[in-house]
Amino acid sequence: MKTYLITGGAGFIGANFVKYMLATYPDIRIVILDLLTYAGNLKTIENDLQPGRCEFVKGNIGDRSLTDKLFKQYDFQYVVNFAAESHVDRSIDNPQLFLVTNILGTQNLLDAARQAWVTGKDEKGYPLWKEGVRFHQVSTDEVYGSLGAEGYFSETTPLDPRSPYSASKTSADLFVKAYSETYKMPVSITRCSNNYGPYHFPEKLIPLIIKNILEGKSLPVYGEGTNVRDWLYVEDHCKAIDAVLHKGKNGEVYNVGGHNEKQNIEIVKLIIRTIRRILTEQPAYGKALKRKEYDTAGNLRSDWMNDSLITFVQDRLGHDQRYAIDPSKITRDLGWEPETCFENGIVKTIYWYLDNQQWVNDILTGEYRQNTH
C-alpha cells in the first residue's frame, strides 16, 4: 500500500485532491497534515477520514519534530505539498507570514523527506534514494509575473514575481529545484492557473461573488475588472497532479492551465446571469437566498440580481494584468488535457454552492476576515 502525505489537505485544492485520489485508487493510504488556519476546514474532509485509509493530523509543515515523527510512523512514498498561505491581499498585509509558511515550511518538509528517504551515498557522494519516492510541490503561475495582451507562460519563462505571495512561492520552487540539483532528490513541480470549483474559500473571486449575490450585497471588482486570468476546474488540476506524480520526470516543472482566459468582469456578469437563470427555472433554489424579495403575487423576485450589484473598488497594489498558461508540455509528455470548459465548470460550481450553504456558513464562523478577492 502506497502512503501519501498530503499537506494542506483540508484546504481548497488539497481537499479536492484527497477526494479524487481516494476515489481513483482504492489501495492507497493518505495522511493529511493541515494546521487548519482560516482557510482549512475539517468539515471539508471529515467524511473521507477512516483509520488506515485516510487519517488527519493537525500541525504545521514547519514543525520539524512533527514531520520527522510522521515520516517514521507512516513511511511515506509521496509528499504532495499544497500547504501555503495563498491570498495575495493577505500577503500585502503580512508578508512575513508568507515567508515563514511558504518558504521555511517547504524547506522543512524537503529536509524531513531527505532524512527519511536517503539510504546511503553513491561513488560520487550523492545520496541514494529509496525507490519509488517523490516530493511534489504545488505552485502557481504567479511566479512568472504578468503578461501583456498576448503570449503565454511556459516552463522556460523567467521567474518574475510581483507580490509577497508570488515571491514566497517562487522561493519555495527554487528550494525544491535546489534539492533536486544538489541532492538528486526525486522532485516535481506543477504551476497552475487560477482554480475554481467546490470547497473554495469564500474570499476568492468566484465563491465571493456567489456568496454576495445570494446575500444581495455589492460585488466588489478591482479596478475596471479587465484583469485576465486563465481558469482551471479543480478536478482537472487534480488529474494533472496525479499524472505528474506517476508519469512525470524527476526534476521537471509542468505548467497546468485550463485554456479558459476570462476578464474578471466577464466572470462576475456570467455568475449573475447564471444564478438568476437557475432561480427562474428552479425556484426551489430560492432557499439559498439570504436576500428575499417577493412580487405582489408572492413569488420570489430575482430582478434585483443584475449588474447594478457590481461595485468597482480601488485596484490591488501591484495587480498583475494577465496570466495565461501554455500547458503543451504536460499534454505532450503525459497526455493530460483540461476536460472542463469554463461555461460548464462555472455552472457545476454554482450548483455546488447552492446545494452546500451549510458548508459556507460553517467555514465563515471560523477565523475569518473578509477581503475582496
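No value in this document is a laboratory result; all are computed from the given coordinates. Since the structure is predicted, the reported quantities are computational estimates derived from the model, not experimental observations. Backbone-built Cβ (ideal geometry, glycine too); neighbour counts: all protein chains shown.
Here is how the numbers come out for the structure above:
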| quantity | calculated |
| --- | --- |
| Footprinting exposure proxy for 180, 65 (fewest neighbouring C-beta atoms within 10 Å first) | 65, 180 |
| Listed residues 29, 277, 114, most fluctuating in the chain (Gaussian network, C-alpha, under 10 Å) | 277 |
| Cα coordinate range in segment 6-59, projected on the principal axes (Å, largest first) | 31, 19, 17 |
| Cα gyration tensor shape for segment 106-180, rounded if a/c is under 1.5, else prolate or oblate | prolate |
| Spin-label model distance (nm) - residue 104 vs residue 177, 7 Å beyond Cα toward Cβ | 2.4 nm |
| Potential extension, residue 115-residue 319 segment - 0.36 nm per residue separation minus Cα distance | 69.5 nm |
| Scattering curve values for segment 141-225, log₁₀ I(q)/I(0), Debye with Cα scatterers, q = 0.11 Å⁻¹ | -0.47 |
| Between segment 182-256 and segment 19-79, the alpha-carbon center distance in angstrom | 20 Å |
| Descending principal axes extents, segment 27-162, alpha-carbon based, whole Å | 48, 48, 30 |
| Longest exposed-site-free window of the chain, the sites being GluC sites (Glu not before Pro) in a DSSP loop that have at most 10 other C-beta atoms within 10 Å | 151-366 |
| Kirkwood Rh in Å, taken over all unlike Cα pairs in the chain | 21.5 Å |
| Counted charge near residue 235, where neighbours are those whose Cβ lies closer than 12 Å (Asp, Glu -1; Lys, Arg +1) | 0 |
| Residue-span extension gain [residue 273 to residue 53] - 0.36 nm each, minus C-alpha spacing | 75.0 nm |
| Length-normalised contact order for segment 123-235 - Cα pairs under 8 Å, 6+ apart - percent | 29 percent |
| Total formal charge among the other residues, if their Cβ is under 13 angstrom from that of residue 131, Lys/Arg +1 and Asp/Glu -1 | +2 |
| Total formal charge among the other residues, if their Cβ is under 12 angstrom from that of residue 96, Lys/Arg +1 and Asp/Glu -1 | -1 |
| Estimated FRET transfer efficiency when R0 is 25 angstrom, pair residue 310-residue 281 (beta carbons, to 0.05) | 0.60 |
| Residue among 30, 13, 278 with the largest mean-square fluctuation in a Gaussian network model of the chain, springs linking Cα atoms under 10 Å | 278 |
